[in-house]
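As structure tokens, the structure follows; a few thoughts come after it.
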Amino acid sequence: MKSMLGFDYLLTPRVLVFFYWLAMLLIFAGGVYSMFTEHLITGFIAMVFSLIGCRVMFELIMVAFKNNEYLRRIAENTAAGPIE
């Protein structure tokens, strides 16, 4: 409990996974709707590029959290002392 209250445990990466899948579902549903109401090819191309763009944006956000995780591991390993 102390790690959650002291920001040792990051909740945001887990919440981002939920929002990622929600965004992907909404983009897919919007793309299918667009394909059937507007132009088939244009809706499909827009859906594909939107899905790729959504993935890239969420990956860029997650890089910051992964960097934090790796820096924490490095700090824990160097705090243990030199290996002889």
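Quick rundown of the values:
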item: Contact order normalised by residue count of the stretch 12-76, Cα under 8 Å, 6+ apart, percent; result: 33 percent
item: Label-point separation, Phe44 to Val15 (7 Å along Cα→Cβ), nm; result: 3.9 nm
item: Segment Leu51-Glu76, extension gain: residue separation times 0.36 nm, minus the distance between their alpha carbons; result: 5.3 nm
item: Extension gain, Leu60 back to Leu26 (0.36 nm per residue minus Cα-Cα distance, nm); result: 10.2 nm
item: Charge dipole of the stretch 12-76 about the Cα centre (unit charges at C-beta), most positive-ward option of Ala46, Phe28, Ile61; result: Ile61
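Values quoted throughout were computed directly from the atomic coordinates according to the rules given, and no laboratory measurement underlies them. The structure presented is a predicted model; accordingly, all values stated were derived computationally and were not measured. Note: ideal-geometry Cβ built from the backbone for every residue, glycine included; neighbour counts use all protein chains shown.
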